[in-house]
Amino acid sequence: MFRQLADSGSPSFLVYIDGSETVARPGDTVAAVLLRTAPGIARHTPVGETPRAPYCMMGVCFDCLATVDGETSVQTCLVEARPGMRIQRQKGKVRITP
Amino acid sequence: MTSEHDILIVGAGPAGMAAAMQLAGLGLSPLVIDEQPMPGGQIWRASEGARPDAVRRALGPDYAQGAGRVAEFRNSGVDYLPGTRMWHLEPGFQVFMSRDGAAFSRSCRAVLLATGAQERPVPLPGWTLPGVMTVGAAQILLKTSAQIPDQPVWIAGSGPLPLLYIRQLLAVGGKVAGYLDTTPRGGAGRALPHAAAAWRGRGDLLKGLKWLRELRRAGLRWLRGVGDIRALGEERIEAVCYTTPDGQLHREPASVLLLHEGVVPSIHATLAMNCDHLWSDAQGCFVPQVDAWGMTSVEGLYLAGDGAGIAGAPAAEARGRIAALGIAQWLGHRLPEGAEPAARAALARALASRPVIDALYPPPDDDIADEAVVCRCEELTAGEIRAAARLHRGGPNQVKAYTRCGMGPCQGRQCGYSVNRLLAAEYGKSRAETGFFRIRPPLKPVRLGELAALQEGREAP
Amino acid sequence: MTNPDILIVGGGLHGLSAALHLARCGASVTVLEGEFVGRHASGASAAGVRTLGRNPLEMPLSTISMDMWHDIAELVGDDCGFHAHGQLRVAETDAQIAAETQRIARLTAAGYDNETVIGQDQLRALVPGINPKFIGAAYAARDGAADPHRTLVAFRAAALRAGVTIREGAPVTGLCRRGGLWAATMPGGTVSAPQAINAAGAWGARIAALTGENIPLSAKASMMMVTERLARTIRPVVGIIGRSLSFKQSSQGTLVLGGGIQGRYDLDSGRTFMDFHALARGAMAATELMPSVSGARITRCWSGIEGKTQDLLPVICPARAEGLFHAFGFSGHGFQLVPAAGAAIAEMVITGIVPPTLQPFAADRFSQEGAAA
């Protein structure tokens, strides 16, 4: 859906989206990384289980919610990606029992 | 860091930073909190970050100016907490915030809300599909991550921002499939009555005309007077449909569709505080009422920036300085000679072109299609809201109670104005009279565990 | 326009239920609501349908009401989102279990079989994920919860179908007896009727005072918290003995947390104010009950203003003045009583005789207590 413009000098690090290694760069929000990682979505909604991608990127739509390092329903457009971060796309309602 | 701050500033965009630096200059020490990881607001978002040269050039001098402001702010010694959400404000004031997963509260005498604006929701069929997002969102991706759509992108809507983004996108090698311009025809006629008054703002307007010429030269496929836009697809957008003024229906393949119909002030905090608001026909939104110093109808609660009415970054900075002077004065401090006239002159300059811009790009007032989702969180369509209105004849709060519209995590930020528009049309009432949702705290969701650990007067982590 | 037979001040659930029953008996009824139907306590209710731990004086009425809830669609044409998944009050000490066992034995001796004591295995089956420190509970299996808004919609619609006139945005500012009629005045008009019911909730004492009758009444603004939608896990409504917490999961999946944690209110403006330090204690109780919910996000908090009496029992009785009846002050647990109270109030208004189920709720109990003191 999106691509990052080539910049050879820029450092990068790895995060894990649903367990898969994914390249991220300093300044990236988690939502930005999700958008350039196929299929470019953040979650399936808890109401109709429809797929959603980040929509506003500024904290007012709540469509970029994902689980980040175990914390559920994080607004990923407000969180910077950090090395080793584990990101899971939520599928429907979050479970409250293990 | 001390927990003794008389003044809390919410938001580190142009208004919040300018206010903080003005207060610091007067020897006062506000605390600035901001939801984002870096200062700058949306306009100067990530302006401190590294980026490829082509992107830096494309973002232009107005954006580059932000890096300087942010550096000044950082060097001003003002206490600043990034990544901090305010989720409740109590009169008096007690401010509830969260940072790094921990909630805390602070009391202070004055609060300045510099929380800016958000893009107006654009409830068209298919706008919830992956691949559909706002123009502002795409521009943020360019700023934070040098990231652009990987296929030719469709852009739909109205206003200066689509033109600015298209220009920036083309400059970094992006491709535009087409610009579906929804601006009603007759812009020049609408703008003319304001032209003389806008003379002092001619710089802004000339800049806009330059963009238009550039875009035409670049061969942008620019379709004017477009309507009935819809995004089609199952798991993601696959096509965009629209009608042109000749009545022709078009359908074209699409992988990314960016929407923009102007911006509206963030009013959740001022609504929750029961501040007075007035409806603005020109901007199609509610605007909190403030006095000459930016004080709302709630004593000690100030407002600056686009949250006090859409006017752009230079006006936000001027309003930030004026509110800072107002707060200082209200707290019993004497203002330095000349500070106020300078700030007011800067504000007048910055506001000069605004009536022309408002007249060129009026807020949309076409019908929302029945099948369009209105409430993204609870997945309710315009048709369902209309049906509830016909059945119950109630205002926004009753429709909310009966349908759950606006009860999701976004707290009505994406559906409030659409419900207002639908009910006003349904009942034949004005938008002003129809009103908005009553805003329930928290302003942003808070985890149960976070609230459970809330402690009074606790230090920020 | 001809006068109705009965006017009802207050468009909360109790006013609507009384109106519905009266209209079904053939009376013409007008409900006068200051703002909109269910604006305060009814709309802000947790909608618990509970006999568990109820004051024995309310049990005759509550028992009838519970049967009516199990057939609520018969009354109002909709199930009101009611599900009888039970209510629990969990215990963490043997002493608490012993006290509950004794209380329930007395209840059983009085002829009520609605509650039992359950042990830890059954508790864990009912509340998967509950903190293992809770060892048992008092349990009312036929109790449950409804959807407050759906209930309001259903009662309002049923009342309208039965011929009730509901006037919203009609705050009553005067009530006086003239020529054998009660005349209720409001901005923009007067409605008169031979009989009137004061179902004004937290404002009930103010309405009574308009007729010269003083009834001691205070108010409360119980706060509620609701979370994002979560996978459906918990069916019953759960409370903790000795703590202000009621914990349930709605059919949408949201956790709805309440239990009488108090916010602040202003009767004049009808506004309520949250106290997050108090809510923090409720959140602490919830995460203690079920530690795995600590990551769930609270998306909204609210409260409504409800009338509260000294003994936490409602005032339902004929007023001192002729042709006027009171029905208010349900003190935060009136939701379950709605169907049966409306029927009993209708009987009282029509026959002039206070049915046995309502006899504990006479307003003069406060003046008698005052005289005895």
Inset, instruction - Would you point out the residue of the range B:15-49, among those that are over 19 Å from the mean Cα position of the chain (by Cα) and either outside the structural domain of B:Asp62 (by TED's automatic domain parsing) or among the polar types (S, T, N, Q) (or both), that is nearest to B:Gly77 (Cα to Cα)? - result: B:Ser29
Inset, instruction - Would you confirm whether any residue within the range B:76-86 is in the same structural domain as B:Asp34 (by TED's automatic domain parsing), closer than 30 Å to B:Val256 by Cα and either of a type outside the set (A, V, I, L, M) or in contact (Cβ under 8 Å) with a residue 24 or more places away in the chain (or both)? - result: yes
Legend entry - Complete set of residues in the range C:1-41 that are assigned to a loop (DSSP other than H, G, I, E, B), among the β-branched types (Val, Ile, Thr) and crowded, with 24+ Cβ neighbours inside 10 Å: C:Val37
Legend entry - Test: residue in the range B:249-265 that is outside any strand (DSSP E or B), acidic (Asp, Glu), modelled with pLDDT of 95 or more and under 22 Å from the mean Cα position of the chain (by Cα): no
Inset, instruction - Report yes if B:Arg57 is away from every other protein chain (no Cβ under 13 Å) and either part of a helix (DSSP H, G or I) or surrounded by fewer than 18 Cβ atoms within 10 Å (Cβ to Cβ) (or both), otherwise no. - result: no
Inset, instruction - Could you pull out the residue among C:Glu168, C:Glu115, C:Glu100 that is assigned by TED's automatic domain parsing to the domain that holds C:Ala18, crowded, with 17+ Cβ neighbours inside 10 Å and acidic (Asp, Glu)? - result: C:Glu168
Inset, instruction - Could you list, in sequence order, all residues of the range B:273-285 that are more than 14 Å from every other protein chain (Cβ to nearest Cβ) and either over 11 Å from B:Ile310 (Cα atoms) or assigned to a loop (DSSP other than H, G, I, E, B) (or both)? - result: B:Asp276, B:His277, B:Leu278, B:Trp279, B:Asp281, B:Ala282, B:Gln283, B:Gly284
Legend entry - Residues of the range C:21-44 satisfying the condition of being out of contact with any Leu (no Cβ under 8 Å at 6 or more places or on another chain) and either assigned by TED's automatic domain parsing to the domain that holds C:Ser246 or under 29 Å from B:Pro396 (Cβ atoms) (or both): C:Glu33, C:Gly34, C:Glu35, C:Phe36, C:Arg39, C:His40, C:Ala41, C:Ala44
Legend entry - Odd one out for C:Gly259, checked against (1) surrounded by fewer than 20 Cβ atoms within 10 Å (Cβ to Cβ); (2) under 25 Å from C:Ala202 (Cα atoms): (1)
Inset, instruction - Scan the range B:408-433 residue by residue and report those that are over 15 Å from B:Pro123 (Cα atoms), without any contact (Cβ under 8 Å) to a residue 40 or more places away in the chain and either more than 14 Å from chain A (Cβ to nearest Cβ) or in contact with a His (Cβ under 8 Å, 6 or more places away or on another chain) (or both). - result: B:Ala424, B:Tyr427, B:Gly428, B:Lys429, B:Glu433
Legend entry - Residues that are in a helix (DSSP H, G or I) and either without any contact (Cβ under 8 Å) to a residue 40 or more places away in the chain or more than 7 Å from chain B (Cβ to nearest Cβ) (or both), drawn from the range A:33-90: A:Val33, A:Leu34, A:Leu35, A:Thr76, A:Cys77
Legend entry - Among (1) among the small types (Gly, Ala, Ser); (2) under 29 Å from C:Trp302 (Cα atoms); (3) facing another protein chain (nearest Cβ under 9 Å); (4) assigned to a loop (DSSP other than H, G, I, E, B), the one test that B:Ala103 misses: (4)
Inset, instruction - Hey, can you tell me all the residues within the range C:81-115 that are within 19 Å of the chain's Cα centre (by Cα) and small (Gly, Ala, Ser)? - result: C:Gly81, C:Ala84, C:Gly86
Legend entry - Single residue of C:Leu57, C:Leu75 found to be in a helix (DSSP H, G or I), closer than 30 Å to B:Lys400 by Cβ and outside the structural domain of C:Thr272 (by TED's automatic domain parsing): C:Leu75
Inset, instruction - Say whether the condition of being facing chain B (nearest Cβ under 8 Å), within 30 Å of C:Pro216 (Cα to Cα), free of Cβ contacts under 8 Å to residues at least 60 places away in the same chain and aliphatic (A, V, I, L, M) is met by at least one residue in the range C:280-297. - result: no
Legend entry - Set B:Pro125, B:Pro121: member being over 27 Å from B:Gly449 (Cβ atoms), in contact (Cβ under 8 Å) with a residue 40 or more places away in the chain and away from every other protein chain (no Cβ under 13 Å): B:Pro125
Inset, instruction - Could you figure out which of (1) touching a residue at least 40 places away in the same chain (Cβ under 8 Å); (2) part of a helix (DSSP H, G or I) isn't true of C:Ser251? - result: (2)
Inset, instruction - Could you list, in sequence order, all residues of the range B:396-411 that are crowded, with 22+ Cβ neighbours inside 10 Å and in a loop (DSSP other than H, G, I, E, B)? - result: B:Cys405, B:Gly406, B:Met407, B:Gly408, B:Pro409, B:Cys410, B:Gln411
Legend entry - Restricting the range A:15-32 to residues that are part of a loop (DSSP other than H, G, I, E, B) and either within 11 Å of chain B (Cβ to nearest Cβ) or at pLDDT below 95 (or both), the residue that is nearest to B:Gly40 (Cα to Cα): A:Gly27
Inset, instruction - Test C:Ile241 against the stated conditions and say whether it is more than 14 Å from chain B (Cβ to nearest Cβ) and within 30 Å of C:Ala196 (Cβ to Cβ). - result: no
Inset, instruction - Tell me, please, whether a residue that is farther than 27 Å from B:Ala177 by Cα, polar (S, T, N, Q) and out of contact with any His (no Cβ under 7 Å at 6 or more places or on another chain) can be found in the range B:240-262. - result: no
Inset, instruction - From the list B:Glu119, B:Glu72, B:Glu90, B:Glu48, pick out the single residue that is surrounded by 21 or more Cβ atoms within 10 Å (Cβ to Cβ) and among the acidic types (Asp, Glu). - result: B:Glu119
Legend entry - Residue within the range B:337-360 that is of a type in the set (A, V, I, L, M), in a loop (DSSP other than H, G, I, E, B) and over 18 Å from B:Gln118 (Cα atoms) present: yes
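The values are calculated or read from the model by the stated rules, or taken from the named source; none is laboratory data. Being a predicted model, the structure only gives us computed values, none of them experimental. Methodologically, a virtual Cβ is constructed for each residue, glycine included, from the backbone with ideal geometry; neighbour enumeration extends over all protein chains shown.
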